[in-house]
Structures are given as C-alpha cells and as structure tokens.
Amino acid sequence: MSEAKTVDPKLLEILVCPTTKTPLEYDSERQELISRRAGLVYPIRDGVPIMLPEEARALDDTADRSAQP
C-alpha cells in the first residue's frame, strides 16, 4: 500500500503556477509540478498539489542547461 498516488489528469490541465500564471510540467516520477518560468518546483503530497510558493523549492536547472544552445 505504499504506491504513489496519482494526480487527476484533468486537474493537471487547469493548474498553473501561482506566481507566473503559466502552465506547469508534471514530473510523475518525483511527484512534483515544475514552473520553468518561475524557477520553482511545487511538491505533490498524497496526490494533492501544494501550490504555495513558500512550499516550493528552487528548480535545479543544471541538467537543463546542457539541453539549451
């Protein structure tokens, strides 16, 4: 019974970053929502997105830099 809870796909379609109001990327493996524009990552706990900026962590973009020209 320790399997990760999933987030409703319809909910993911309507969620936006509370800071920038831009779409979020869903990382199902890490259970996080990523706002690239804000540079923040919002956690998902027990299937519930925590959309509070004070709960977000900074996006570690070191892996993303290699993908950019």
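Rule-based calculations on the coordinates, nothing more; no lab input. Predicted, not measured: the structure shown is a model, and the values here were computed from it.
Structural descriptor for the stretch 9-65: relative contact order 23 percent, calculated from alpha carbon pairs under 8 angstrom and at least 6 residues apart. The DSSP beta bridges internal to the stretch 9-65 are antiparallel in roughly 100% of cases. Residue-wise HN-Hα couplings along the stretch 12-23, as the Karplus relation 6.51 cos²θ - 1.76 cosθ + 1.60 with θ = phi - 60° gives them from phi, are 4, 5, 9, 6, 9, 5, x, 8, 9, 6, 9, x Hz; Gly and Pro carry x.
The P(r) of the stretch 1-59 has a tail past 16 Å containing 35 percent of all C-alpha pairs.
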